[in-house]
Amino acid sequence: MIEAIIWDIDGVLADTDLLHETAWKIAYQSQGINYTHEDYLKYNCGTTTGNSIELLLRLNGKGQDTRLVQSIKSERKKIFERLLIKDQIKPHPDALEALAQSYNLGLRNVFASSSSHARQNLQSLRLRTGVSAYDVFDAGIYGEQDYPGKPAPYIFQNAALLVGASPDSALVIEDSISGVRAAKSGGFSCLAVARNNNAGLLLEAGADFVCAKIPRLSHKYHKFEAYAKPQYN
């Protein structure tokens, strides 16, 4: 039985992918690195970990430079914050509807995001009733943590603990490859939303179920059998 849902925010609830991709692109280009949409999906979507930056630097012949990694991370964060001030965060309506349904069904809802702006973003999103999305969550984790980021599973494991759920009683909703891998390595079932036409990559990452939009929640969400086989709707 699913008793709790762990929600990623950027890309699942909040439509921020373009802002994140733009920030990464400018940060990499400032170091003379050509950065593509495919690079974003493969290396940086859903994570700010140094490992992903190091890998992309090596692929571009930049070697392993800790100071350069930190410089790119810092620059990306500054650029994203400027973009966030300039552009109003938009919601993904299907996710807000599913969140409201989950709340009405009495499931425990917890958000898990490495973004330091997660709380701010959630507070700006409104359900049909006018209630802030942030107010329907039982708990949440956001901001830079002391433990490794995705694809390490710790953020989801700690989120589950906040609401007294175990991996076999919680469903993770993600939109990124690193997020799916984090969920699966932590023993969670994972529903992946293909916001970037990347259903195949999400399935390869191990998602139990992939959809273009989050379907209406119902009693079937209480059964893991619904996600027994990877499929795309």
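The values are calculated or read from the model by the stated rules, or taken from the named source; none is laboratory data. The structure presented is a predicted model; accordingly, all values stated were derived computationally and were not measured. Because the Cβ atoms are built from the backbone with ideal geometry, glycine has one as well, and the counts that use them run over all protein chains shown.
Some observations on this one:
- Verdict on A14 being among the small types (G, A, S), closer than 19 Å to L122 by Cβ and at pLDDT 85 or above: yes
- Within the range 14-44, considering residues that are more than 21 Å from G200 (Cα to Cα) and among the aliphatic types (A, V, I, L, M), the one nearest to the chain's Cα centre (by Cα): A14
- Residue within the range 11-19 that is part of a strand (DSSP E or B), small (G, A, S) and buried (at least 20 other Cβ atoms within 10 Å of the Cβ) present: yes
- For the range 119-137, the criterion of being under 15 Å from the mean Cα position of the chain (by Cα) and acidic (D, E) is met by none of the residues.
- Close pairs from the range 89-118: first assigned to a strand (DSSP E or B), partner β-branched (V, I, T), Cβ under 6 Å, at least 6 apart: R108/V163; N109/I5; V110/I6; V110/V163; F111/I9; A112/I6; A112/I141; A112/I155
- Checked against the criterion of being touching an Asp or Glu at 6+ places or on another chain (Cβ under 7 Å) and surrounded by fewer than 19 Cβ atoms within 10 Å (Cβ to Cβ), the candidates Q64, Q88 yield just one match: Q64.
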